[in-house]
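Structure first, then comments.
Each reported figure results from applying straightforward, stated rules to the coordinates on display, with no laboratory input. Treat the numbers as computed from the prediction; the structure is a model and nothing was measured. In this analysis, Cβ positions are derived from the backbone assuming ideal geometry, glycine residues included, and neighbour counts consider all displayed protein chains.
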Amino acid sequence: MLGELHCGDLAAAWTSPGLTTLLIVDGLGHGRDAEVAAMTAFDYTSRHHAEPIVDILAGCNDALRSTRGAAMGLAQVDERQSRMTYAGIGNTRAAVFGARTTRLSSSYGIVGLDHKTLAPEVVRLAAFDLIVLSTDGIREFFDIEAPGESTDLDAGMLARRIVMDWGTERDDAAALVYWKTLP
Ligand SMILES: [Mn+2]
């Protein structure tokens, strides 16, 4: 958010053999307490990233009880099976850009306060599909060009461009881009 020293939005990724875990988290509101909530989710996920998504979310729900809470989304990319499993709570978002665009939905609730039991969604990924996780500081129906075989893509640059072009400035904003050619 413009004029704010702390950022309550955070994005991170971890890799273990064949599996990449992607995290997007938006601590409620903004400022220092939002940052503390997001960091708490990051710390927990760092230590548990290879566990099933539902278990990580349950662990974060407990870990964030002493904070003001957060919205968060978790995706796990199984790089051998070319598929992604995703679940989100609150208003974080996930989308897959490829031959067509798939936008995934999050469940109602707040991590740290309680939320519904989730059924993660599973999406098959094609070779050049690109995954974007974002917070509500990014306009919901942001659009980007899907990459193709000949695309020379810098994921970090694209994430920065999404924040610059589609960020609202009235809220913290974060975007995470995953792009890897899969089998
Ligand atoms: Mn927000």
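Some points to look at:
- Given their separation in residues at 0.36 nm each and the Cα-Cα distance between them, Phe142 and Arg100 gain 13.7 nm when the chain is fully extended.
- A simple charge model with +1 on the Cβ of Lys and Arg, -1 on the Cβ of Asp and Glu and nothing else charged puts the dipole of the chain at about 340 debye relative to its Cα centre.
- Projecting the Cα atoms of Thr85, Gly29, Ser16 onto the dipole axis of the chain, where Lys and Arg carry +1 and Asp and Glu carry -1 at the beta carbon, places Thr85 farthest toward the positive end.
- The smallest convex shape that holds all Cα atoms of the chain, its convex hull, gives 103 Å³ per residue.
- Whole-number D in µm²/s for the range 74-169 (Stokes-Einstein; Kirkwood sum over Cα pairs; 10 °C, 1.306 mPa s): 110 µm²/s
- Expected 222 nm ellipticity per residue - DSSP helices of 4 or more, -39500 (n - 2.57), all of the chain, to 500: -7000 deg cm²/dmol
- Neighbour cut-off at most 14 other Cβ (10 Å), DSSP loop, GluC sites (Glu not before Pro), the range 57-145: Glu140, Glu145
- For the chain, with +1 on Lys and Arg beta carbons and -1 on Asp and Glu, the positive-most of Pro120, Phe42, Ala146 along the dipole: Pro120
- Order by protection proxy (mean Cβ within 10 Å, highest first), peptides 171-183, 127-139: 127-139, 171-183
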